[in-house]
2 protein chains.
Amino acid sequence: MELDRAALCLKLLGDKTRLTMISILKHRDCCVCEFQEVFDMSQPSISQHLRKLKDAGIVTESRKGQWVYYSLNQQSDLFELIHDILKHAPDQTERMIQIEKSNATLRCGC
Amino acid sequence: MELDRAALCLKLLGDKTRLTMISILKHRDCCVCEFQEVFDMSQPSISQHLRKLKDAGIVTESRKGQWVYYSLNQQSDLFELIHDILKHAPDQTERMIQIEKSNATLRCGC
DNA sequence: TATTTATATAAGCAAATAGTTATATAGTAA
DNA sequence: TTACTATATAACTATTTGCTTATATAAATA
């Protein structure tokens, strides 16, 4: 692993929003509207964070109808590093419950 | 570990200079003038990076005469996280050889 | 078709960041 | 004391960052 690449990964995860996103994605895929349930910020802001993670190859996206689901990219060269980092981050059960309670995508039937 | 604290640590290591510093400090303590041998930047810039790492409790400093030596703080709550991260970063043998060749602190007799 | 919903992109802005040069401080040594 | 060396701090600047609002795109639906 190149130093530049490791540093990029750490910089991206060195933001509370993105670190939380990744911690959640470790357990379940999420679409943008689900993230909107747990982050107190605008939808474009959430999309922009996800874009950065996608550009770095840390997450992948897949469209299901009008929803776009984001997942941790297990094929990424950064996956193991991320996995090791997440061992030290607090779990996000609270936020995941919040997502599920919200039924943000119950509408989509997924 | 708080999310804020983990994010702070990742942000600090998400800089190539600081990540390299930490990778070196894993193997040997260094003073500022030794870091000057391997980073192509001004002395104040190096001091400022070390200050940020010190403020976060990631490194500690100890003065020996006119030299100030920096070490990884093994007592830090971030130490294990950092240790796990460094497993994924390239080793800095090259730079450490460069430091030793330079004899930056041979003068101090340490 | 037109409307609604989900998401992305563009443009702008304030705050943070990483570097610089100049200067201050601390220790050593003449 | 004075001069020198190592390091820290201050002040400044250009760039990057993370947000905002406004708008565009894409899919579903009436």
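How many angstrom lie between the C-alpha centres of segment B:33-101 and segment A:1-35?
Taking the Cα centre of each part, segment B:33-101 and segment A:1-35 sit 26 Å apart.
If contacts are Cα pairs under 8 angstrom and at least 6 residues apart, what is the relative contact order of chain B in percent?
Value for chain B: 31 percent.
For chain A, what is the accessible area per residue in Å² when the probe is 1.4 Å?
Accessible surface, normalised per residue, equals 52 Å².
Give me the Kirkwood hydrodynamic radius of chain A in Å, from all C-alpha pairs, to one decimal place?
Across chain A, the inverse of the average 1/r is 14.3 Å.
I'm checking a number: the convex hull volume of the Cα atoms of the protein assembly as shown, normalised per residue, in Å³. What is it?
It is 122 Å³ per residue.
Among A:CYS9, A:HIS49, A:GLY65, whose Cα projects farthest towards the positive end of the dipole of segment A:3-108, with charges put on the beta-carbon of Lys, Arg (+1) and Asp, Glu (-1)?
A:GLY65
When the accessible area of each residue in segment A:1-47 is compared between its chain alone and the complete protein assembly (1.4 Å probe; ligands, DNA and RNA ignored), which residues differ by at least 40 Å², being lower in the assembly?
Buried by 40 Å² or more upon assembly, which counts only protein chains, are A:MET1, A:LEU3, A:ALA7, A:LEU10, A:GLY14, A:LYS16, A:LEU19.
Express the carbon and sulfur contribution to the solvent-accessible surface of segment B:3-99 as a percent, rounded to the nearest whole number, probe 1.4 angstrom.
C and S fraction of accessible area: 43 percent.
In debye, nearest 20: dipole of the protein assembly as shown around its Cα centre with unit charges on the Cβ of K, R (+) and D, E (-)?
Working: 30 positive and 30 negative charges, 56 e Å.
Computed about the Cα centre, the dipole is about 260 debye.
Chains B and A: buried accessible surface, both sides, probe 1.4 Å, rounded to 100 Å²?
2000 Å²
Looking at segment B:1-80, which GluC sites (Glu not before Pro) are in a loop (DSSP not H, G, I, E or B) and have at most 13 other Cβ atoms within 10 Å?
Of the GluC sites (Glu not before Pro), the ones in loops of segment B:1-80 whose Cβ has at most 13 other Cβ atoms within 10 Å are B:GLU2.
Students often get this wrong, so check it: of A:LYS54/B:LYS11; A:LYS26/A:LYS54; B:LYS54/B:LYS101; A:LYS87/B:LYS87, which have C-alpha atoms separated by over 23 Å?
Values: A:LYS54/B:LYS11 18 Å; A:LYS26/A:LYS54 15 Å; B:LYS54/B:LYS101 27 Å; A:LYS87/B:LYS87 14 Å.
Check vs 23 Å cut-off fails for B:LYS54/B:LYS101.
Please build a GNM for chain B, connecting alpha carbons under 10 Å apart, and tell me which residue among B:VAL38, B:VAL59, B:VAL68 fluctuates the most.
B:VAL68
The values are calculated or read from the model by the stated rules, or taken from the named source; none is laboratory data. Everything numeric here is computed off the predicted structure, so don't read it as measured data. Neighbour counts run over all protein chains shown; Cβ positions are idealised from the backbone, glycine included. Just the protein is used for accessible areas: all its heavy atoms, side chains included, with ligands, DNA and RNA removed. Shrake-Rupley method; radii C 1.70, N 1.55, O 1.52, S 1.80 Å.
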